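Below is one structure; the comments refer to it alone.
The values are calculated or read from the model by the stated rules, or taken from the named source; none is laboratory data. Small disclaimer: the values here were computed from a predicted structure and weren't measured. Cβ: placed from backbone, ideal geometry, glycine included. Neighbour counts: every protein chain shown. Just so you know, the surface numbers come from the protein's heavy atoms only, side chains and all, with ligands and any DNA or RNA stripped out. Shrake-Rupley method; radii C 1.70, N 1.55, O 1.52, S 1.80 Å.
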Amino acid sequence: MEQILANGLYLGAQYALIALGLTLIFSLMNVLNFAHGQMYVMGGFVTYTVVAQFGLPFIVGLLASAVVLAVIGAVCERFLFRTVIKRSKREESTMLLAAGIAFFLDAVILLVFGEKQRGVPKIVDGVFNWDMRLIMPYDRILIGALAIAMVVGFILFMQYSRTGRAMRALAQDRMAAQLMGVDVDRYSMIGFALGAMLAGIVGGLLVTITGINLGMGGPTSVKAFLMIMIGGAGVISGAIAGGFILGMMESIGLTLLAAYGDVTYLAIFATLLVFLAIRPQGLMGKPWG
Amino acid sequence: MGQMLNFDNVELFYDHVYALKGVSIDLNEGETVALIGANGAGKSSILRAITGLRKIKSGRIDFMGERLDGTAPADIVRKGIAMVPEGRRVFPFMSVKDNLLMGAFTRSDKADIARTLDSILTRFPRLKERYNQQAGTLSGGEQQMMVIGRALMAKPRLLLLDEPSLGIAPKLVQDIARAIVAISRDEKVSVLLVEQNSRMALSISNRAYALSTGSVVLSGESKALMNDDRIKAAYLGGEV
Ligand SMILES: Nc1ncnc2c1ncn2[C@@H]1O[C@H](COP(=O)(O)OP(=O)(O)OP(=O)(O)O)[C@@H](O)[C@H]1O
Ligand SMILES: [Mg+2]
């Protein structure tokens with residue numbers, strides 16, 4: 001029991017960060033970022049390069065992932081999404097663009113980092129063992145704690161900083177936010193950069209545990225969409241709830257259903273279908289709060 | 001009393017709707033000017049043109065001797081123009097406090113912002129009671145007070161109000177009207193007031209323009225307009 005909870009919490013925190021990035025971009029720009037998983041993979045490879053190739057400390061790798069992905073996010077908004085949104089009123093346009101960016105990033109990752117599974121040496125050794133009831137390697141605990149700290153940091157940032165407030169305002173009423181003096185273009189770019197950065201950070205965190213490979217992009221995007229469908233798209237609390245719920249479901253599934261083969265995601269999808277039929281807007285479906 | 005706003009021969013379109021057909025209005029420092037007229041006359045379009053939310057087709061807009069049209073909405077706020085939009089447009093999932101703080105988005109002096117916030121909470125004590133409540137859960141009247149407060153948080157020189165009495169209980173309309181008079185007096189802010197409640201608008205303004213289908217049809221001192229037969233027939237009839 002303790003083991004399942006701890007694993008769920010550890011996974012859930014990573015997932016929540018991924019979902020927060022996706023939901024931030026959606027709420028600000030009404031864009032479904034299908035390239036979110038690829039941004040996560042990119043973050044993993046950047047940390048891998050900095051830590052395993054250049055031999056620099058893990059924290060430098062994580063910062064590098066954050067910066068590189070923030071720049072990629074900003075560029076995507078400034079030169080791709082902004083122009084498409086100005087020219088086309090149809091939502092499919094940005095969806096196609098996002099899908100295109102996903103394929104493009106996959107190609108770039110293949111070209112630059114190759115197709116091999118990559119990992120970094122353990123950042124801390126040792127295993128925490130509480131009477132065999134709860135066993136968790138210290139590096140997982142560290143990565144889980146970092147992710148939780150970042151979720152909390154993100155909430156505080158959105159709640160109390162001037163920039164965070166402006167992004168919430170923009171998500172809730174674009175026109176009113178403009179009348180307060182919020183520059184829509186500028187804050188859309190900041191929001192996109194921040195969302196991509198979160199994906200990159202999770203990639204950097206998880207490369208230390210599970211490693212990274214090219215094929216993880218698509219499935220990660222699917223998981224991210226699952227999470228915001230569970231929680232309700234465009235809501236901070238929904239993304240966090242969705243992340244932790246999916247983390248817990250996976251953790252429970254991997255422990256209890258393992259005996260029946262690889263059925264965890266089958267069970268999760270089935271549950272989600274029923275859930276969405278009953279509550280299509282997700283748990284907390286409403287604009288940002 | 002120098003001229004503050006000059007709105008000169010402005011034309012404005014929405015796709016194919018001809019919303020302003022060469023409208024000219026002006027406003028002096030310290031004045032309260034009302035825009036009255038029926039639905040679709042173009043009142044809100046004038047405010048949207050001033051705040052830069054809509055580009056104008058021709059004509060020009062000057063504010064404090066500087067050209068305004070073509071400036072981005074965010075920069076227009078920084079020049080000292082704040083607007084309370086039609087339908088209030090609160091940030092529904094933000095607290096009253098955060099809504100008010102958003103009003104001060106363009107300002108950076110924390111102590112000065114705190115002073116403005118204090119004066120607004122003193123002016124509208126109801127907002128103080130509801131300070132941490134989500135704005136979407138306020139009553140219509142409370143929301144209206146909040147968005148007026150939110151606009152004042154920018155410390156504007158010109159306040160644009162779009163139908164502050166819309167959807168508000170008649171008793172509260174009186175309060176709102178009194179608040180507008182008090183604000184223009186205390187804060188030394190000029191007011192451009194759009195209203196369908198013409199009687200209220202004329203009673204608290206110095207001058208007024210009557211609009212009809214995108215053109216100014218009458219203008220003058222509000223006192224005089226209130227006794228004008230054409231205004232009485234077109235805008236004051238039926239109301240008491
Ligand atoms: N976004 C828009 N798209 C198309 N036409 C519009 C739009 N907004 C306003 N119009 C049209 O422009 C004209 C002027 O509208 P405006 O909103 O300025 O009127 P108003 O005087 O404020 O009316 P009301 O009292 O109903 O608010 C109307 O004919 C209206 O239908
Ligand atoms: Mg209007």
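If you go through region A:10-37 and pick out every residue that is open to solvent by 10 Å² or more (accessible area, probe 1.4 Å) and either touching a strand residue (DSSP E or B) at 6+ places or on another chain (Cβ under 8 Å) or part of a helix (DSSP H, G or I) (or both), you end up with 6.
If a residue counts only when it is among the charged types (D, E, K, R) and more than 14 Å from every other protein chain (Cβ to nearest Cβ), which helices (runs of 4 or more DSSP H) contained entirely in region B:89-141 have at least 2 such residues?
Values: elements: B:96-103, B:110-123, B:125-129.
Ranges flagged: B:110-123, B:125-129.
Close contacts from region B:69-86, counting a first residue that is facing chain A (nearest Cβ under 7 Å) and a second that is within 16 Å of ligand 2 (Cβ to nearest atom) and β-branched (Val, Ile, Thr), with Cβ to Cβ under 6 Å and a gap of 6+ residues or different chains, come to B:PRO73/B:THR51; B:MET83/B:THR51. Can you tell me which residue within region B:195-211, out of those that are within 16 Å of ligand 1 (Cβ to nearest atom), in contact with a helix residue (DSSP H, G or I) (Cβ under 8 Å, 6 or more places away or on another chain) and open to solvent by 30 Å² or more (accessible area, probe 1.4 Å), is nearest to B:LYS79 (Cα to Cα)? Here the answer is B:ASN197.
From the list A:GLY8, A:GLY44, the one residue that fits, being modelled with pLDDT of 95 or more and of a type outside the set (Ser, Thr, Tyr), is A:GLY44. Within this structure, B:SER24 fails the test of being within 13 Å of ligand 2 (Cβ to nearest atom) and among the hydroxyl-bearing types (Ser, Thr, Tyr). Any residue at all in region A:139-157 that's under 28 Å from B:ALA72 (Cβ atoms) and of a type in the set (A, V, I, L, M, F, W, C)? Checked region A:139-157: at least one residue is under 28 Å from B:ALA72 (Cβ atoms) and of a type in the set (A, V, I, L, M, F, W, C). Looking at B:VAL10, is it within 13 Å of ligand 1 (Cβ to nearest atom) and touching a helix residue (DSSP H, G or I) at 6+ places or on another chain (Cβ under 8 Å)? For B:VAL10, the condition - within 13 Å of ligand 1 (Cβ to nearest atom) and touching a helix residue (DSSP H, G or I) at 6+ places or on another chain (Cβ under 8 Å) - is met. When each of A:ALA166, A:ALA241 is tested for being small (Gly, Ala, Ser), in contact (Cβ under 8 Å) with a residue 12 or more places away in the chain and within 30 Å of B:ILE148 (Cβ to Cβ), the lone residue that passes is A:ALA166.
Just wondering, is there one or more residues in region B:225-236 that are among the aromatic types (Phe, Trp, Tyr) and under 22 Å from B:PHE63 (Cα atoms)? The answer is no; no qualifying residue exists. Can you tell me which residue is farthest from the other protein chains (Cβ to nearest Cβ) among those in region B:15-56 that are modelled with pLDDT of 95 or more, within 13 Å of ligand 1 (Cβ to nearest atom) and open to solvent by 50 Å² or more (accessible area, probe 1.4 Å)? If we take residues in region B:15-56 being modelled with pLDDT of 95 or more, within 13 Å of ligand 1 (Cβ to nearest atom) and open to solvent by 50 Å² or more (accessible area, probe 1.4 Å), then B:LYS21 is farthest from the other protein chains (Cβ to nearest Cβ).
For every residue, the table says whether it meets (1) within 14 Å of chain A (Cβ to nearest Cβ); (2) within 18 Å of B:ILE46 (Cβ to Cβ); (3) within 16 Å of ligand 1 (Cβ to nearest atom).
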residue: B:LEU159; (1), (2), (3): yes, yes, no
residue: B:ASP162; (1), (2), (3): yes, yes, yes
residue: B:PRO170; (1), (2), (3): no, no, no
residue: B:ASP175; (1), (2), (3): no, no, no
residue: B:LEU193; (1), (2), (3): no, yes, yes
residue: B:SER219; (1), (2), (3): no, yes, yes
residue: B:LEU225; (1), (2), (3): no, yes, no
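Looking at A:ALA145, is it without any contact (Cβ under 8 Å) to a residue 12 or more places away in the chain and more than 14 Å from every other protein chain (Cβ to nearest Cβ)?
Yes; evaluated as a whole, the condition is true for this residue.
Beta carbons closer than 7 Å, at least 6 apart along the sequence or on distinct chains, pair a first residue in region B:97-113 that is under 14 Å from B:PRO156 (Cβ atoms) with a second that is open to solvent by 40 Å² or more (accessible area, probe 1.4 Å) and part of a helix (DSSP H, G or I) for B:THR106/B:ARG78. When the test is whether a residue is more than 16 Å from ligand 2 (Cβ to nearest atom) and free of Cβ contacts under 8 Å to residues at least 40 places away in the same chain, B:ALA177 passes it. Within region B:164-194, can you find the residues that are within 11 Å of B:THR32 (Cα to Cα) and either among the β-branched types (Val, Ile, Thr) or surrounded by fewer than 23 Cβ atoms within 10 Å (Cβ to Cβ) (or both)? Within region B:164-194, B:ILE180, B:VAL181, B:ILE183, B:SER184, B:ARG185, B:LYS188, B:VAL189, B:VAL191, B:VAL194 qualify. If the condition is being exposed (fewer than 15 other Cβ atoms within 10 Å of the Cβ) and free of Cβ contacts under 8 Å to residues at least 40 places away in the same chain, then region A:76-92 contributes A:PHE79, A:THR83, A:LYS86, A:ARG87, A:SER88, A:LYS89, A:ARG90, A:GLU92.
Selection of helices (runs of 4 or more DSSP H) fully inside region A:157-247 by the criterion of at least 2 residues being under 12 Å from the mean Cα position of the chain (by Cα) and buried (at least 23 other Cβ atoms within 10 Å of the Cβ) returns A:184-206, A:217-231. Is at least one residue of region A:171-178 away from chain B (no Cβ under 14 Å) and charged (D, E, K, R)? No, region A:171-178 has no match at all.
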